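First the structure, in the form of structure tokens, and then the observations on it.
Rule-based calculations on the coordinates, nothing more; no lab input. Because the structure is predicted, anything quoted here is derived from the model rather than measured. Note that each Cβ is placed from the backbone with ideal geometry, even for glycine, and that neighbours are counted across all protein chains shown.
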Amino acid sequence: MKQFTAIKLWLGLACLVPCAVLFAKPFSSINTLFGDDNQSLGKVEMPKDVQQLTDFASKFGFLPPLSWKLAFSEMQGDMFMAEFIPANESLNDWSGLVCMQGFKGLANDIEPQKFLDGMAETYKEHCEGKVVYNVLGTSEVEGLDAVHGILGCTVMPNIHHASIFVEKDFSTIPKGEIGYFTVVSGSQDLYLIHKSIRVAVFRENQPPLDANNYREFMANP
């Protein structure tokens, strides 16, 4: 893999590990709700790249509930991302998260499975407990190849350091974190989409999300 591609990949992965390690501004907009107050199916005004991500993610069943808000949106070089959380929560303390991320021009440089394996390795760097990683297989949607898996951590720290966006250092008690991940290879771009939850710390052999209930998890808000 070319050096610049490796840098681009791991920069993206660094932004995808728990939101506690994000150092970027939250998205600010007059209307940050994904849907309107009446829960209609109308789309709200969003940056073009974010709208493209949501349109793409919808093909794989990753649209957030209409009552959720766009809490974070950023572009870093060839990587662009958007994160949705419940309207009454924040990136510092969320219970549910839908993250969409695209990597321009990366599809020819790395296979979806290797990319997902890289995510699991990155989780190990931040997890204070045990990493849960289960590959669920592959699929094809509209000619796009995708690999799916469950990835989480039994004990994940939630630490925020002071920055221009965070007034002072703070931390909360560790929680368990786990989600359903899909990596999609387009004609040129690579996409990573995941829906995650934070819950009480759990045991490695008793995760709240597994191969038996992930379909129900994805179907429910």
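Loop only by DSSP, 16 or fewer other Cβ within 10 Å of the Cβ. Give me the GluC sites (Glu not before Pro) in the range 52-136 that pass, ordered by residue number. Taking the range 52-136 and a limit of 16 other Cβ atoms within 10 Å, the loop GluC sites (Glu not before Pro) found are 89, 128.
In the range 87-221, a dipole from Cβ-located charges (positive for Lys and Arg, negative for Asp and Glu) runs towards its positive end, and of 149, 96, 110 it is 96 whose Cα lies farthest in that direction.
Go through 59/104; 104/175; 59/114; 104/130; 48/175 and tell me which ones have a Cα-Cα distance over 29 Å in this structure. Mind showing how you got there, number by number?
Values: 59/104 19 Å; 104/175 33 Å; 59/114 22 Å; 104/130 32 Å; 48/175 34 Å.
Checking Cα-Cα distances, 104/175; 104/130; 48/175 exceed 29 Å.
Taken as Cα centroids, the range 80-142 and the range 174-206 sit 5 Å apart, rounded to the nearest whole angstrom.
Here the Karplus relation 6.51 cos²θ - 1.76 cosθ + 1.60, evaluated at θ = phi - 60°, turns the backbone of the range 141-148 into coupling constants of 10, 6, x, 9, 7, 9, 10, 10 Hz, with x for every Gly and Pro.
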